[in-house]
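First the structure, in the form of structure tokens, and then the observations on it.
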Amino acid sequence: MTESALALLKNPDHLKAGKNITLLATFAKCNKLMTHEKVIWSDVVEKRNHRGVYQKRELVITTSSLYNFKPKSYKQFKRRIEIASISKIVLHSSSKECLVKVYNEHDYWYRVVNIKELLEILAKKYKEITGSSLPIDPVSGDLKEHQTLKKDVNSRNSSVTSPPPRKVEIKRSRGKQPKLEKE
């Protein structure tokens, strides 16, 4: 059996977050005007803060967003990142650490045991949502050189300033110019 076939047999919701009533209630509260979100991946990770200290977190990926929770605390998320607003992933080539870079926001630095699985799922959802491939940049040096902190977001040194890509569909009507519509 191939590695990808084995991956399909696994349940990527390692924390069974999709069955957690408290988590589902939190989603319902914050998504009143949005479509229903379904958990597609969850796991315990370590988030590195701006002081370089690793903190246990529960990372949940849904059909539209990435959520960061304190362990066993699904009543309130620490941060929600829409998948479409991710500009790229900077992946350390020899460790299981990555930076999730977000348009016009600070980055999240994660250490993830199941890094390959996380990246495959994020890349697939990103492609479905935006129509573009998720840029994943492997680096061998210190991730700190690529990190954008909260304090850097409003400064001129912010590494990402362009808006996130969006799927655009061209509709044609008789005798008129094509009209662009965002989905």
Could you calculate the FRET efficiency of residue 142 with residue 63 from 1/(1 + (r/R0)^6), where r is the beta carbon distance between them and R0 is 35 Å, rounded to 0.05? 0.55
Net +/- balance of residues flanking residue 57 in space, Cβ distance below 9 Å, scoring K and R +1, D and E -1: +2
Just to confirm a number: summing +1 for Lys and Arg and -1 for Asp and Glu over residues other than residue 136 whose beta-carbon lies under 15 angstrom from that of residue 136, what do you get? +2
With all protein chains present, calculate the accessible area of residue 133 using a 1.4 Å probe and round the result to the nearest 10 Å². 80 Å²
Residue 123 to residue 80: extension gain in nm, 0.36 nm per residue of separation minus the Cα-Cα distance? 13.7 nm
Check residue 14: other-chain or 5+ apart residues with amide H under 5 Å from its amide H, H built from backbone geometry? 42
What nm value, rounded to one decimal, do you get for the distance between residue 113 and residue 96 when each label is placed 7 Å out toward the C-beta? 0.6 nm
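The values are calculated or read from the model by the stated rules, or taken from the named source; none is laboratory data. Note that the structure is a prediction, hence the values are computed from the model and not measured. Counting neighbours? That spans all protein chains shown, and the Cβs are built from the backbone with ideal geometry, glycine included. The accessibility values were calculated without ligands, DNA or RNA, using every heavy atom of the protein model including side chains. Shrake-Rupley method; radii C 1.70, N 1.55, O 1.52, S 1.80 Å.
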